[in-house]
Amino acid sequence: MTSNQARRAVQWLLGGTLLAYAFKASFWVEAARDLARTPLADPWFPRVFASAWSLVVTLVLPPLTMCVALLWHRRWAARAAFMVTVCGSAFLLLHQASYNDAAFLTAFWSSLYGVWLVQKIETTEPATFPSWLATRLVCCIVSLMFLGGAIGKLTPGYWDGSILYALNFADSDYWSFRLLRSLLSTTQLRDAATLYSRCVVCIELLLVTLPVWPARVALYSASVALTTMAALNNHLLLSVVGPLLGMCAAALCVTRTAAVPKPALRAIHEHSPSETRVYAENAPS
């Protein structure tokens, strides 16, 4: 892996994780205001997990550090941003105003992967970078997210389509569902909801097996599935799938092998095996 590939991988990961915070920023501004006006009271949780100020700090600090890391290309800045996001997203998964938002779950995993990735980039030689492990970790994390989604949908309401029909098909203002309502009758729309819901469940169950797929096939397939999910259902889902897309893009960067130019190939044929190995490892990308 070259230094340019490492830099692009970190940037993709930072950018994808940043989407978890950016796409619903206006919603969280209103949520913080509501919480300040009407404080939560739960004797089981410490007050810090119900405070409006703690919510604001943990919503603002991670994206701020990620923006700094994106603009200032230093590995220590990226590592600091990922570590802040790991802590911030973990806190938001416990805060009573944000615990049920899956965006912070995917941001937690992507930033945790980012900490590992930066550490490996700094401590291993480019020729010995564990690309195989880097891609398999991404496949395992993404498949874990699909597993959670699939298990949550293994209910009669999802299998017969009634839940998605009520949530999306019946009155959602998103473009895909408005289009379906304009083209289909009520009965056809109900059948489409059933078919769509079953396809979602089956595809998520299929993508649970990503870790055993060929690396690049798995990463491209996951990227297409995640992008389609956001495009067809709600663009705000990019806050959830953005960190996963960032991980897939980062893994594709570290698995991409630099092409060896033709002069280098001629030189390879003219040298001994030991010289060939050294020349190939140091060939320009």
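Across segment 113-130, not a single residue is classified as surrounded by 13 or more Cβ atoms within 10 Å (Cβ to Cβ) and within 18 Å of Leu237 (Cβ to Cβ).
Among the residues of segment 1-29 satisfying the criterion of being more than 12 Å from Leu55 (Cα to Cα) and surrounded by fewer than 17 Cβ atoms within 10 Å (Cβ to Cβ), which is nearest to the chain's Cα centre (by Cα)? First the steps, then the outcome.
Here is the first cut: in segment 1-29, the residues more than 12 Å from Leu55 (Cα to Cα) are 1-27.
This time we only want the ones that are surrounded by fewer than 17 Cβ atoms within 10 Å (Cβ to Cβ), so: 2-4, 7, 22, 25-27.
Details: Thr2: 23, Ser3: 23, Asn4: 21, Arg7: 18, Ala22: 13, Ala25: 17, Ser26: 21, Phe27: 20 Å.
Out of the qualifying residues, it is Ala22.
With respect to (1) under 27 Å from Phe108 (Cβ atoms); (2) at pLDDT below 95, the lone exception for Leu245 is condition (2).
Flag set for Leu219, criterion: surrounded by 13 or more Cβ atoms within 10 Å (Cβ to Cβ) and modelled with pLDDT of 95 or more. Looking at Ala25, Ala31, just one residue is within 30 Å of Leu219 (Cα to Cα) and at pLDDT below 90, and that residue is Ala25. Among the candidates Thr209, Thr255, Thr194, Thr228, the residue that is of a type in the set (Val, Ile, Thr), free of Cβ contacts under 8 Å to residues at least 40 places away in the same chain, within 30 Å of Trp132 (Cβ to Cβ) and open to solvent by less than 80 Å² (accessible area, probe 1.4 Å) is uniquely Thr228. When His95, His73 are screened for being buried (at least 17 other Cβ atoms within 10 Å of the Cβ), not hydroxyl-bearing (Ser, Thr, Tyr) and not in a helix (DSSP H, G or I), only His95 passes.
The residue pairs whose first member lies in segment 113-125 and is within 15 Å of Val84 (Cα to Cα) and basic (Lys, Arg), whose second member is open to solvent by less than 20 Å² (accessible area, probe 1.4 Å) and outside any helix (DSSP H, G or I), and whose beta carbons are closer than 9 Å, counting only pairs six or more residues apart or on different chains, do not exist in this structure.
The values are calculated or read from the model by the stated rules, or taken from the named source; none is laboratory data. Only a predicted model underlies this, so the values are computations on that prediction, with no experimental measurement involved. For neighbour counting, all protein chains shown are included, and Cβ atoms are generated from backbone atoms with ideal geometry for every residue, glycine included. Accessible surface is based on the protein model in full, side chains and every heavy atom, while ligands, DNA and RNA are left aside. Shrake-Rupley method; radii C 1.70, N 1.55, O 1.52, S 1.80 Å.
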